[in-house]
1. For segment 64-91, what are the residues that are of a type in the set (Asp, Glu), over 17 Å from LEU25 (Cα atoms), open to solvent by 30 Å² or more (accessible area, probe 1.4 Å) and at pLDDT 95 or above?
2. Restricting attention to segment 103-123, which residues are at pLDDT 95 or above and open to solvent by 50 Å² or more (accessible area, probe 1.4 Å)?
3. Only one of ASP130, ASP149 is farther than 24 Å from PHE28 by Cα and of a type in the set (D, E, K, R). Can you tell me which?
4. Go through LEU17, LEU27 for me and flag whichever is in contact with an Asp or Glu (Cβ under 8 Å, 6 or more places away or on another chain), hydrophobic (A, V, I, L, M, F, W, C) and touching a residue at least 60 places away in the same chain (Cβ under 8 Å).
5. Is there any pair with a first residue in segment 47-70 that is farther than 24 Å from LEU111 by Cα and a second that is of a type outside the set (Asp, Glu) whose Cβ atoms are under 6 Å apart and which are 6 or more apart or on different chains, and what are they?
6. Can you tell me which residue is nearest to LEU111 (Cα to Cα) among those in segment 134-148 that are aliphatic (A, V, I, L, M) and open to solvent by 30 Å² or more (accessible area, probe 1.4 Å)?
7. Is segment 37-56 home to any residue that is of a type in the set (S, T, N, Q) and buried (at least 20 other Cβ atoms within 10 Å of the Cβ)?
8. Look at segment 42-90 and say how many of its residues are polar (S, T, N, Q) and touching a helix residue (DSSP H, G or I) at 6+ places or on another chain (Cβ under 6 Å).
Amino acid sequence: MTARSRPQEAGVTRISLRAVQDGDLPLFFAWMSDPEATRVAAFTARDPADRAAFDAHWARIRSDTGVVMRTVVADGAVVGHVGEYGEAGDRQVTYWIDRAHWGRGLATAALRAYLDVTPTRPLHARAAADNAGSRRVLEKCGFVVTGADRGPARARGEEIDEVLVTLYA
């Protein structure tokens, strides 16, 4: 999968995707251990502040040929990551944008750019039912609601409602 650039609808000139580099990981760790961001995302690592666990997790991700992860770059700055994982027929999309960049349309642009280059269909995703921003991103990218579930939201310390969505075409 090669990097793609795509015009951004909310004022950012350009979104591109590239392979994850070692230098991206400290940024990812900072964003994914941000208490407010993890509360909104809900489904996070057991201990988002555990750097050793984070490093081990990303080492597994980067060595697993069944996982595709790309760094999201907006106007030359690293702002997040997007990718997919899972077994054939049940591939899941995932994305994370630095909270400092929320509300700019970057998650939507990044996911669209990723969907342009991945042939995987159907492609599934889950979001906390109360995470309106993530649900909007998925809907803008063509995902449709296919179900509901409840799951343990580690960042909130409780089980919460989830929305299950699928992209078919």
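1. GLU87, ASP90
2. ARG112, ASP116, PRO119, ARG121
3. ASP149
4. Only one candidate passes the filter, namely LEU27.
5. As it stands, the answer is ALA49/SER33, since those pairs meet every condition given.
6. Among residues in segment 134-148 that are aliphatic (A, V, I, L, M) and open to solvent by 30 Å² or more (accessible area, probe 1.4 Å), the one nearest to LEU111 (Cα to Cα) is VAL144.
7. Yes, the conditions are met somewhere in segment 37-56.
8. Within segment 42-90, residues that are polar (S, T, N, Q) and touching a helix residue (DSSP H, G or I) at 6+ places or on another chain (Cβ under 6 Å) number 2.
The values are calculated or read from the model by the stated rules, or taken from the named source; none is laboratory data. All values derive from a computational prediction rather than experimental measurement. Using ideal geometry, Cβ is built from the backbone for each residue, glycine included, and neighbour counts are taken over all protein chains shown. Only protein heavy atoms, including side chains, enter the accessible area calculation; ligands, DNA and RNA are left aside. Shrake-Rupley method; radii C 1.70, N 1.55, O 1.52, S 1.80 Å.
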